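First comes the structure, then the notes that go with it.
The values are calculated or read from the model by the stated rules, or taken from the named source; none is laboratory data. These figures come from a predicted structure and were not determined experimentally. With ideal geometry, Cβ positions are generated from the backbone for all residues, glycine too; neighbour counts draw on all protein chains shown.
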Amino acid sequence: QTDQRDIHLFFSIL
Amino acid sequence: MFEAKLQQGVIFKKIVDAIKDLVKSVNIDASTSGLSMQAMDSAHVALVSLKLNENGFKDYRCDRPITLGLSIENLSKILKCAGNDDTITLQTDEEEPSSLKFFFENQQASKISEFSLNLMSLDSESLGIPDTDYSSVIQMSSAEFSRICKELSSISETVEIETSKESVKFSVQGDIGAGSITVKNNQSDKDVDRVDLQIDQPVKLTFALRYLNMFNKAVSLSSTVSLNMSEENPLMVEYKIDDLGSLRFYLAPKISD
């Protein structure tokens, strides 16, 4: 089963 | 005072058409260097980043940085009134504008339309996108990539992209069965066939095809697309816009078993 990761995991909030 | 005149207004129409299924409202930041926009989809899985350089405009003036909060849906309605051959001018005199003026002029300057779009104040949560030295870069026909994504999404919602020195393999597995499309390096002089692979490190990443199909609405902006990947990084899909800038989509990978 695959699950979708959140883009926030990779890009920090400025 | 901010004014930006785009000779080929159709480019602006295509950009908005390319992102309208992905994001609902965006902040366009205008500065002396040009226009930039960054927005996430509602599920925070994808990010779109637009950069248009001031020297790509017929006229460009931005006395001080301003932020223009726009509803994509309302912007679309206004842009429907612009002809594909019109120039499009964005303009506001205020420092904290409550609306943005649009002028559409046909080639003969015999028909000039003027619209004013009310602006929104959007909390701008902007993300820092690090400059990444991608270990696998694929340049290929945007129409071909769009076709691969469409065809494979009829078999599964998820595609695995695996690169190697001489090829890239798109694999799907679904209830009805499985499939894969392998594309090799091809220095063909025909745009639609040419494939350039720069593979420093092979990668194997899994993505939701639904998002790739939304990104591919940008095919009308560029005949080529680049897929940029590194392990444990979002995929970056880039459409370069001649002489003007680029439209980039970032998609977070899935955790594959």
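With respect to the stated conditions, B:ILE138 is in contact with an Asp or Glu (Cβ under 8 Å, 6 or more places away or on another chain) and either under 30 Å from B:ARG194 (Cβ atoms) or not in a loop (DSSP other than H, G, I, E, B) (or both). For B:GLN198, the criteria (1) farther than 30 Å from B:VAL10 by Cα; (2) surrounded by 18 or more Cβ atoms within 10 Å (Cβ to Cβ); (3) of a type outside the set (Val, Ile, Thr) hold in every case but one, which is (2). Yes or no: B:ASP63 without any contact (Cβ under 8 Å) to a residue 60 or more places away in the chain and over 30 Å from B:LYS254 (Cβ atoms)? When the stated conditions are applied, B:ASP63 does not pass them. It is to be established whether one or more residues within segment B:87-103 are outside any strand (DSSP E or B), modelled with pLDDT of 95 or more and surrounded by 13 or more Cβ atoms within 10 Å (Cβ to Cβ). No, segment B:87-103 contains no residue that is outside any strand (DSSP E or B), modelled with pLDDT of 95 or more and surrounded by 13 or more Cβ atoms within 10 Å (Cβ to Cβ). So is B:SER180 assigned to a loop (DSSP other than H, G, I, E, B) and exposed (fewer than 15 other Cβ atoms within 10 Å of the Cβ) or not? When the stated conditions are applied, B:SER180 does not pass them.
Please go through segment B:3-30 and give me each residue that is in contact with a Cys (Cβ under 9 Å, 6 or more places away or on another chain) and either of a type in the set (Val, Ile, Thr) or more than 24 Å from B:GLU105 (Cα to Cα) (or both), ordered by number. Steps first, please.
Quick first cut of segment B:3-30, residues in contact with a Cys (Cβ under 9 Å, 6 or more places away or on another chain) only: B:3-4, B:30.
Correct list: empty.
When the strands (runs of 3 or more DSSP E) confined to segment B:185-257 are screened for residues that are more than 17 Å from the chain's Cα centre (by Cα), more than 19 Å from B:ASP17 (Cα to Cα) and within 13 Å of chain A (Cβ to nearest Cβ), those reaching at least 1 such residues are found at B:204-208. Test B:ASP243 against the stated conditions and say whether it is over 24 Å from B:LEU47 (Cα atoms) and either β-branched (Val, Ile, Thr) or surrounded by fewer than 20 Cβ atoms within 10 Å (Cβ to Cβ) (or both). No, not satisfied.
So in segment B:100-157, with the set limited to residues that are aromatic (Phe, Trp, Tyr) and within 21 Å of the chain's Cα centre (by Cα), which one is farthest from the other protein chains (Cβ to nearest Cβ)? Reasoning before the result, please.
Within segment B:100-157, the first condition is being aromatic (Phe, Trp, Tyr), and the residues that meet it are B:102-104, B:115, B:134, B:145.
If we keep only those that are within 21 Å of the chain's Cα centre (by Cα) too, we end up with B:134, B:145.
On the way: B:TYR134: 13, B:PHE145: 21 Å.
Across segment B:100-157, the extreme among qualifying residues is B:PHE145.
Residue count for segment B:222-254 under the criterion of being in contact with a strand residue (DSSP E or B) (Cβ under 9 Å, 6 or more places away or on another chain) and without any contact (Cβ under 8 Å) to a residue 24 or more places away in the chain: the result is 3.
What about B:ASP175, is it in a loop (DSSP other than H, G, I, E, B), modelled with pLDDT of 95 or more and among the charged types (D, E, K, R)? Yes: the conditions hold for B:ASP175.
The residue of segment B:7-38 that is surrounded by the fewest Cβ atoms within 10 Å (Cβ to Cβ), among those that are closer than 18 Å to B:ALA208 by Cβ and within 14 Å of chain A (Cβ to nearest Cβ), is B:VAL23. Looking only at segment B:51-60, filter to residues that are surrounded by fewer than 21 Cβ atoms within 10 Å (Cβ to Cβ) and closer than 29 Å to B:ALA252 by Cβ; which one of those is nearest to the chain's Cα centre (by Cα)? Checking each candidate, the answer is B:LYS51.
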